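**Q** Take a look at the following structure, please.
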Amino acid sequence: IAGITQAPTSQILAAGRRMTLRCTQDMRHNAMYWYRQDLGLGLRLIHYSNTAGTTGKGEVPDGYSVSRANTDDFPLTLASAVPSQTSVYFCASSAQAGGSTDTQYFGPGTRLTVL
Amino acid sequence: GQNIDQPTEMTATEGAIVQINCTYQTSGFNGLFWYQQHAGEAPTFLSYNVLDGLEEKGRFSSFLSRSKGYSYLLLKELQMKDSASYLCAVRDGDYKLSFGAGTTVTVRA
């Protein structure tokens, strides 16, 4: 593995079901992020983690939860999916939140459809 | 909060130059990023500005004026592969990125 991987690539989900999107990075980055991307709205931050063991809320956190048990993994869970959560979800990581460059690198994305 | 504006679409001819403008209003400022995103793919990092002025990187250049809340991305010698969306992103006082909606650039032969 090199970089960030996400799984699944795409998923169709019935409303009300629980779903976990997986994200793994092998760059030993401290910070990780979850975004959703919707047409005309750009990327919006859902949750973030500055380091293992800590998480924080972004711009659109409602209906989503995250955990950061170790450096490499940052799963995103939809407890009870609703159609408005249909989107493309991107995971990203950066070496250190707040660093002088702190460039974020993105995974390939998960296309989620909630019916 | 952040307010980031960039044009929705631009079209240019192969070999030409295109300038994508980005204006922003931010609570705290810790740098501005440009990303490129091809259809169906992940955003990839292009450039970073934190001080006023021009940063040049091959055919791509990015400019920042902090006092005006303004940046542009300049794409020179356009190639067909440059057809993509270009995302302007501002890092705020809490070191979080806020993205504009993106500018879709279409390069025509």
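Bear in mind that the values in this text are calculations on the coordinates, not laboratory data. Values in this document were obtained by computation on a predicted structure and should not be read as measured data. Every residue, glycine as well, gets a Cβ built from its backbone with ideal geometry; the counts of neighbours run over all protein chains shown.
**Q** Given a Förster distance of 45 angstrom, what is the FRET efficiency for A:Thr51 paired with B:Thr13, based on the Cβ-Cβ distance and rounded to 0.05?
**A** 0.40
**Q** Out of A:Tyr64, A:Leu13, A:Thr54, whose Cα points farthest toward the positive end of the dipole of the stretch A:1-66 (charges: +1 Lys, Arg; -1 Asp, Glu; placed on Cβ)?
**A** With unit charges placed on the Cβ atoms, the residue in question is A:Leu13.
**Q** Continuing with this model, one more query. Hey, how many Å between the Cα centroid of the stretch A:47-115 and the Cα centroid of the stretch B:27-92?
**A** 23 Å
**Q** Provide a whole-number value for the mean count of partner chain Cβ atoms within 10 Å of the Cβ atoms in peptide B:98-107. Before the final figure, lay out each step's value.
**A** Numbers: counts 6, 7, 2, 7, 6, 0, 0, 0, 0, 0.
Mean inter-chain Cβ contacts per residue within 10 Å come to 3.
**Q** How large is the charge dipole for the stretch A:20-115, taken about the Cα centre, if only the Cβ atoms of Lys, Arg (+1) and Asp, Glu (-1) carry charge, to the nearest 20 debye?
**A** For this selection, approximately 100 debye.
**Q** Please report, in debye to the nearest 20, how large the charge dipole of the stretch A:13-58 is about its Cα centre when each Lys and Arg carries +1 at its beta carbon and each Asp and Glu carries -1 there.
**A** 160 debye
**Q** Here is a further query. In nm, to one decimal, how far is the modelled label at B:Asn3 from the one at A:Arg17, with both set 7 Å along Cα→Cβ?
**A** 4.1 nm
**Q** Scanning chain A for trypsin sites (Lys or Arg not before Pro) in DSSP loops with at most 15 other Cβ atoms within 10 Å, what's the longest stretch left with none?
**A** A:29-115
**Q** Would you look at the GNM of chain A, springs on alpha carbons closer than 10 Å, and say which of A:Gly58, A:Gly42, A:Gly16 moves the most?
**A** A:Gly42
**Q** Running a GNM on chain A with Cα contacts under 10 Å, which residue among A:Thr103, A:Thr77, A:Thr86 ends up with the highest mean-square fluctuation?
**A** Answer for the Gaussian network model of chain A: A:Thr103.
**Q** Explain nothing, just the number: dipole magnitude of the protein assembly as shown about its Cα centre with +1 on each Lys and Arg Cβ and -1 on each Asp and Glu Cβ, in debye rounded to the nearest 20.
**A** Details: 18 positive and 18 negative charges, 77 e Å.
With only Lys, Arg, Asp and Glu charged at Cβ, the dipole is about 360 debye.
**Q** Moving to a separate point now. Which length gain, in nm to one decimal place, applies between B:Ser27 and B:Ala109 when the Cα-Cα distance is subtracted from 0.36 nm times their residue separation?
**A** Going from the current span to full extension adds 25.3 nm.
**Q** I've got another one for you. Between the DSSP loop rule and a limit of at most 15 other Cβ atoms within 10 Å, which GluC sites (Glu not before Pro) in the stretch B:33-109 are left?
**A** Passing sites in the stretch B:33-109 are B:Glu41, B:Glu77.
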